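The values are calculated or read from the model by the stated rules, or taken from the named source; none is laboratory data. Predicted model, so just to flag it, every value in this text is computed and none were measured. Counting neighbours? That spans all protein chains shown, and the Cβs are built from the backbone with ideal geometry, glycine included. The protein model used for the area step is the full one, side chains on, heavy atoms only, and it has no ligands, DNA or RNA in it. Shrake-Rupley method; radii C 1.70, N 1.55, O 1.52, S 1.80 Å.
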Amino acid sequence: MAGRILRDDVEALRRQADIVQVVGDYTTLKRAGRSFKGLCPFHTERTPSFHVTPGENFFHCFGCGASGDLYDFLQRIEGLDFPEAVEALARRVGFTLRYEELTAKDRRALGQRTKLVDVTRAALEFFTAQLYADEGQVARDYLKERGFGRDDAERFELGYAPNAWDTLSLTLKDEGIRPEDLIETGLSVKNDRGGLRDRFRGRLIFPIHDPGGDVIGFGGRVLPGLDYGDFDPPKYLNSAETPLYKKNRVLYGVPQARADIVRAESVLICEGYTDVMGLHQAGFGNAVATCGTAVGVEHLRAVARYAKRVVFAFDGDAAGVKAAERAWEAATELASTSGVGTALELRVLALPDGQDPADAARELGVDGMRQLVDDALPVVPFVLRHRLADADLSTEGGRTAALHEALEILQREPDADLRREWARTEVAAGIGLAYDFVARSAARQGIDLDRHQGVAATPVARRTTATTGAKLDRAQVQRERDVLRVALQHPELLPDEWEELTEDDLSHPVARAVFVTIRDAGGPDAGANAVVAAAADDDLRATIRGLAVEEEPVPIDADTAAWRVRTLVALRVEAETKRLRERLQTLHHTRDRDELMDVQRQLATLEQRRRTLTTVIDPV
């Protein structure tokens, strides 16, 4: 809606922001020479291999290969797309972004959204203040009874709506907020007399954020001990649909959970706000929840940006089974329209009877709950087991009906290998039938269990082959790496002989590619960021960043840098000398006199050059 961010602002923000400060919010960094070093936030490790270079504003992990600039880091750690990463960084450092290509309609829409977000933020501040006021004691007592403290409440920005008709409406109107904006955000509704009444009254308030952290709506829960008069309010109440809030597109707790989701490569979807809080409290920071609606296509499209493994924490009753089926149908629809759903691994947590996820986490403890999550069933076996558990398998007619229903469920699974596996392990074993009988019954229903239709071939791993075919000299490869590291980290120390080097002086294909990229970027003085920008692909960019942050094994000075570069030049001189001497052996002293004299002159020049180089590169 807001158009593209001006490129100048993207670059200015990149230069202004401090990558060490930003990354330091996710892992502890300690200075190591020119860079900072710490444990990688993207994979588990005991020895720090994650480097951040403040001068160039990029990072590189030698353990998992993660590499990039400040924007790449935020995209990866928070699961953001590029514009979101830029906007998130701008908010963090207080940088005002400018946008291009805004139509008059876009400008009005952007202004309207900003205005409505200001209203919801003002409402949140009101609700939060009320939670810690005297009247909010009833809400604080409820949180304490559920095992939540102030830290939990502050993490999720909880609040309290007073048990009165119009306290919020009057307060925000006094602050200058227009009645029509209160109505448009769903905070107030018109009463019979044309005035305003609060939508949320006498409730614990759960603010609902969009992925960027803006408050777009609220959920409210009634509280035990409050007198609601003759009115019997619903236990939970959510914001009505507004220009900001669309319940089929939003998940509760994403800003709090996103980093953990990306780190765990898994998301845990619940059905209640306090379930999310309880799971976070128990160490499962990747938990989110739907907002009073079933899991739909847009929910799965949203979580697919962050993780491919989706675990549903639904009740184990009929409603929970139905919810799991609806989620499966949503994933199938998503796959058919965009292909995204095919990459999602859907699983269902088998909760103990009568327990919600938060209760289970408290009763089982972290290890027990972790085991429960690890043992979560794929969605199809989960549905099949619950359907068969409710079937009458004591009679032939009951078994036939159960088989027919199970096969109807099974045929919705697009992977033929999984259909066949679950037909054997869930259907045949679950009903007590021979697999061959199940396969014949499936065939009569048009379900093929034995052919591999529609199953994608396993991708073949990429193979890297050396372009030369010759075995590379490990010591020579290290020399080349040392020289390129100096060029990227200390270009001011390079000797004049650097200008003599060509890509042919490097034996390793990756080293040659890095050298050519440095040259194409304008040379070492252009800086590592310019070299990264000139790289042909992500793999090469990662290699260049790695060289730019790699620690030197010995202190580097001008003499050391010169020795490294001149060694490569000397090796080329030696190779050329060897080639000419071999040529000399083939020449006749009479018949090839002119060429023989030319080769001898070249050898003399090379010998003089060799002596000069070996004199200046002698490290002793």
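Of the peptides 301-313, 370-382, 596-608, 25-37, the order by per-residue mean of other Cβ atoms within 10 Å, starting with the highest, comes out as 301-313, 370-382, 25-37, 596-608.
In the chain, helices alone account for a calculated mean residue ellipticity at 222 nm of -15500 deg cm²/dmol, with every DSSP H run of four or more residues adding -39,500 (n - 2.57).
Work out the FRET efficiency for R178 and E241 from their Cβ-Cβ distance, taking R0 = 25 Å, and round it to the nearest 0.05. Write down the numbers at each step before the final one.
On the way: r = 20 Å, r/R0 = 0.80.
According to the calculation, E is roughly 0.80.
Between A129 and D557, what FRET efficiency comes out of the Förster formula 1/(1 + (r/R0)^6) with R0 = 60 Å and r the beta carbon distance, rounded to 0.05? Using R0 = 60 Å, I get an efficiency of 0.50. Annotation: amide H of G68 within the under-5 Å range of F59, sequence separation 5 or more or interchain, hydrogens built in the peptide plane.
Shown here: the chain, whose C-alpha atoms stretch 119, 74, 49 Å along the first, second and third principal axes, sorted largest to smallest.
If Lys and Arg each add +1 and Asp and Glu each add -1, what is the summed charge of the other residues whose beta carbon sits under 9 Å from the beta carbon of L571?
Result for the neighbourhood of L571: 0.
With a simple spin-label model that places each label point 7 Å from the Cα along the Cα-to-Cβ direction, the separation between K322 and L6 comes to 5.5 nm. Taking 0.36 nm per residue of separation and subtracting the Cα-Cα distance, full extension of the segment from D81 to R249 would add 58.8 nm.
Can you give me the accessible area per residue for the chain, using a 1.4 Å probe, in Å²?
Working: 31450 Å² over 620 residues.
Accessible area per residue, the chain: 51 Å².
Computed from Cα positions, the angle between helix 318-338 and the longest principal axis of the chain comes to roughly 40 degrees.
Taking 0.36 nm per residue of separation and subtracting the Cα-Cα distance, full extension of the segment from T96 to T114 would add 5.1 nm.
Listed by chain and number, the aspartates and glutamates whose alpha-carbon sits under 17 Å from that of K173, ignoring those within fewer than 8 places in the same chain, are D118, E125, D181, E184, D198.
For the chain, the longest principal axis of the Cα atoms and the long axis of helix 474-489 meet at an angle of about 70 degrees.
Remark: region 560-569, residue by residue, has Karplus-estimated 3J(HN,Hα) of 5, 4, 5, 4, 5, 5, 5, 5, 5, 5 Hz, where x stands for each Gly or Pro and the curve is 6.51 cos²θ - 1.76 cosθ + 1.60 at θ = phi - 60°.
Amide H contacts for S188 (H built 1.01 Å from N in the peptide plane; partners 5 or more residues away or on another chain; cut-off under 5 Å): I183, R199. Taking θ as phi - 60° and the Karplus parameters 6.51, -1.76 and 1.60, the scalar couplings of region 211-225 work out to x, x, x, 6, 6, 10, x, 9, x, x, 10, 5, 10, x, x Hz in sequence order, x denoting glycine and proline. For the chain, a simple Cβ point-charge model (Lys and Arg +1, Asp and Glu -1, everything else neutral) yields a dipole of about 900 debye relative to the Cα centre.
Could you give the angle, 0 to 90 degrees to the nearest 10, between helix 82-93's Cα long axis and the longest principal axis of the Cα atoms of the chain? Compared with the principal axis, the helix lies near 80 degrees. When the solvent-accessible area of the chain is split by element, carbon and sulfur atoms take up 48 percent of it, the probe being 1.4 Å.
Pairs K37/K144; K246/K308; K190/K246; K144/K190; K115/K322: which exceed 30 Å Cα-Cα?
Values: K37/K144 41 Å; K246/K308 23 Å; K190/K246 21 Å; K144/K190 35 Å; K115/K322 39 Å.
The pairs that break the limit, which is 30 Å between Cα atoms, are K37/K144; K144/K190; K115/K322.
The phi-based Karplus calculation (6.51 cos²θ - 1.76 cosθ + 1.60; θ = phi - 60°) puts the 3J(HN,Hα) values of region 268-278 at 10, 9, 10, 10, x, 5, 5, 4, 4, 4, x Hz, whole numbers, x for Gly and Pro.
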